[in-house]
Amino acid sequence: MGAAVAIAPLRNDPSYGQVLAREFTMVTAENAMKFGPIHPERARYAFTDADAIVDFAQANGMKIRGHALVWHQQVPSWLTDGGFSRDELLTILRDHIMTVAGRFSGKIAAWDVVNEAVEDPSRGGGLRRTVWSNTLGPQYLDMTFRWAREADPQARLFYNEYGGEGLGPKSDAVYALVRESVGRGVPVQGVGLQMHLNLDSPPNVQGIAANIQRLTALGLEVQITELDVRIREPITGDKLAAQARVYRDVAQACMAVQKCAAIILWGFTDRHSWIPGFFPGFGGGSIFDAAYQPKPAYLSLAQALGGR
Ligand code: G3I
């Protein structure tokens with residue numbers, strides 16, 4: 001059971017780190033290990049924040065998820081505006097992966113090696129058109145996973161995606177992608193189902209269970225990597241109770257499958273959440289409120305996990 005960690009509250013809000021260490025056994029760096037934050041200039045890496053999160057996790061006996069070696073967002077302008085050739089970008093990407101995954105080699109339980117490479121069906125599906133796919137072609141996925149394995153022989157290597165949690169065209173595309181990768185001997189070991197949920201449209205839990213089942217039947221591990229359940233304001237008791245049921249249902253779907261190995265929340269307190277900034281009019285997505293008090297979702301999640 002884990003949570004994404006933001007460096008600012010970890011540094012500035014003592015309660016944040018206390019509750020995090022007390023309640024969770026795994027952390028994901030919410031932003032600190034992404035391409036832009038960790039590699040702000042071509043010849044400069046910025047490890048201070050990522051190191052602080054790794055140090056915090058190790059000091060508290062917590063496992064660490066690395067997030068994310070390759071993504072189309074939070075890519076620095078020196079790269080997106082660089083006009084690099086295929087060979088130049090291959091060199092840049094390999095150096096990035098060898099440097100970042102190499103630095104934390106042996107400390108990372110799982111890497112989100114590639115994040116969100118599949119285009120939404122509403123935009124035509126297929127491979128998302130990004131600086132990576134446009135310049136390197138679809139082979140960038142295999143190369144990225146192979147370089148990550150070379151840089152860190154121990155970390156479990158994941159493909160991570162949103163919107164493909166239940167059964168549907170996007171999860172079919174993810175399933176096909178990883179099945180073919182595994183068939184080519186690419187070291188993909190798991191699929192991350194992000195699980196960013198909206199209480200207005202609760203998930204089809206049977207579909208999630210079926211998708212987890214078919215992915216694990218490929219021999220892959222599944223992790224719920226970014227679980228949150230945003231609520232349209234005003235936040236009421238009924239909505240909090242409904243949110244608790246969604247957290248419970250998702251946890252039970254994962255717990256039912258042996259190779260669904262982890263559940264990570266995308267933030268754990270409403271005090272520090274990405275949701276209000278990205279979804280105006282929504283909030284309350286976490287299991288602790290802004291005063292670090294457990295919400296109904298905390299209790300339902302604990303019960304689903306077999307706790308108190
Ligand atoms: O750190 C800078 C700060 O120096 C600057 O003053 C400020 C204003 O420009 O921006 C700060 O960076 C922001 C960063 O969060 C840290 O707060 C970025 O602008 C902002 O874009 C970034 O948002 C993150 C978002 O990914 C980026 O797309 C969210 O925190 C983060 O929760 C979100 O997480 C993603 C996962 O990585 C992948 N799955 C989807 C999920 C939600 O989008």
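Note on LEU299 and SER77: their simple-model spin labels are 5.0 nm apart, each label 7 Å out from Cα toward Cβ.
Restricting the calculation to Cα atoms, every distinct pair contributes to the Kirkwood radius of the range 73-145, found to be 13.5 Å. For the range 171-233, the Kirkwood radius over C-alpha pairs fed into Stokes-Einstein at 20 °C and 1.002 mPa s yields D = 168 µm² per second. Each label point was placed 7 Å from the Cα along the Cα-to-Cβ direction; for ALA59 and ARG44 their separation is 2.6 nm. Take every Cα pair under 8 Å whose residues are at least 6 apart in sequence, average their separation, divide by the length of the range 51-188, and the relative contact order is 27 percent. In whole percents, the pair-distance distribution calculated for the range 1-147 from its alpha-carbon pairs, binned every 10 Å from zero, is 11, 39, 31, 16, 3. Remark: relative contact order (the chain) = 15 percent; criterion is Cα-Cα distance under 8 angstrom and separation of 6 or more residues.
Once the Cα atoms are used to define both axes, helix 14-23 deviates from the longest principal axis of the chain by about 90 degrees. Each distinct pair of alpha carbons in the range 110-232 adds a 1/r term; the inverse of their mean, the Kirkwood radius, is 14.8 Å. Over the range 149-205, the pair-distance histogram of Cα-Cα distances with 10 Å bins from zero comes to 21, 45, 25, 9, 1 percent, rounded to whole numbers. One chain, two ends: SER85 and ALA52. Fully extended at 0.36 nm per residue, the span grows by 8.4 nm beyond their Cα-Cα distance. Dividing the radius of gyration of the alpha carbons in the range 167-283 by their Kirkwood radius gives 1.02 for Rg/Rh. GNM remark for the chain: springs join alpha carbons under 10 Å apart, and the peak mean-square fluctuation among ASN12, ASN211, ASN60 falls on ASN12. Could you state, as a whole-number percent, how many of the C-alpha pairs of the chain are farther apart than 36 Å? Here the tail beyond 36 Å accounts for 13 percent of pairs. Within the listed set ASP13, ASP152, ASP49, the residue fluctuating most in the Gaussian network model of the chain (springs between alpha-carbon atoms under 10 angstrom) is ASP13. Note on LYS170: lysines with a C-alpha under 23 Å away, same-chain residues under 8 apart excluded, are LYS259. Tell me the net charge near GLY283. Cut-off is 15 Å between Cβ atoms, GLY283 excluded, with +1 for each Lys or Arg and -1 for each Asp or Glu. Its environment carries a net charge of 0.
Relative contact order, whole percent, for the range 152-273 stands at 26, derived from Cα pairs under 8 Å and 6 or more residues apart. Based on alpha-carbon centroids, what's the gap between the range 17-86 and the range 181-255 in Å, whole number please? Cα centroid to Cα centroid, the span is 23 Å.
The label point for ASP120 and the one for ASP289, both projected 7 Å from the Cα toward the Cβ, are 3.2 nm apart. Rounded to the nearest 10 degrees, the angle from helix 48-59 to the longest Cα principal axis of the chain is 50 degrees.
Using all C-alpha to C-alpha distances in the range 222-275, build P(r) with 10 Å bins and read off the rounded percent in each one. So the P(r) values, bin by bin, are 22, 49, 25, 4. With kT/(6 pi eta Rh) evaluated at 10 °C and eta = 1.306 mPa s, and Rh the Kirkwood radius from Cα pairs, the range 37-79 diffuses with a coefficient of 134 µm²/s according to Stokes-Einstein. With the biggest extent put first, the Cα atoms of the range 245-308 measure 36, 23, 16 Å across the principal axes. Considering only ALA209, ALA173, ALA241, the Gaussian network model of the chain with Cα springs below 10 Å gives its largest mean-square fluctuation to ALA241.
No lab work stands behind these numbers, since they all come straight from the coordinates. The shown structure was predicted, so the numbers you read here are calculated from the model rather than taken from an experiment. Heads up, the Cβs are rebuilt from the backbone with ideal geometry, glycines too, and the neighbour counts pull from every protein chain shown.
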